[in-house]
1. Which residues among region 74-90 fall inside the zone where the amide N is under 18 Å from a point 7 Å beyond the Cα of residue 43, along Cα→Cβ?
2. Rounded to the nearest 20 Debye, what is the dipole magnitude of the chain about its Cα centre when Lys and Arg each give +1 and Asp and Glu each give -1 at the C-beta?
3. Normalising by the residue count of region 2-89, find the relative contact order in percent from Cα pairs under 8 Å and 6+ residues apart.
4. Can you compute the modelled spin-label distance between residue 51 and residue 6, with each label point 7 Å from Cα toward Cβ, in nm?
5. Between residue 15 and residue 35, how many nm apart are label points set 7 Å from Cα along the C-beta direction?
6. Within a Cβ distance under 13 Å of residue 25, other residues only, what is the Lys/Arg minus Asp/Glu net charge?
Amino acid sequence: MRVQFDASKNAEFLRKHGVSFEEAREIFDQIYIVDAKNDDPEQFRAIGWSRGRICSVIFEVRRDAAGEYYHLVTAWNATKQEVKAYAEQV
């Protein structure tokens with residue numbers, strides 16, 4: 001799966017949330033869980049491992065001429081509830 005993000009926001013999210021989009025994209029290279037987050041626009045939350053820690057990311061499924069890809073919206077270190085949900089489902 002292709003993963004894209006707004007590179008100009010990468011440093012901001014690293015500073016604010018402790019996770020860069022570059023790190024967050026690694027979630028999709030391993031086992032992760034997904035749930036619906038928002039309906040308008042349709043967004044999903046993925047929880048998974050990135051660089052030795054569990055992180056969460058909000059993403060949208062988009063399409064372009066090359067096909068479908070995930071567009072990262074925001075990312076953060078997983079909360080205790082998210083870590084528990086990941087442990088229960090994986």
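Taken together, the values in this text are just the output of simple stated rules run on the coordinates, not laboratory data. Please read all numbers here as calculations on a predicted model, not as lab measurements. Glycine also receives a Cβ, built like all others from the backbone with ideal geometry; neighbour counts cover every protein chain displayed.
1. Inside the label zone: 74-79, 82.
2. The calculation lands at about 340 debye.
3. Relative contact order of region 2-89: 29 percent.
4. 2.1 nm
5. Taking the simple label geometry, residue 15 and residue 35 are separated by 3.2 nm.
6. With Lys, Arg at +1 and Asp, Glu at -1, the net is -3.
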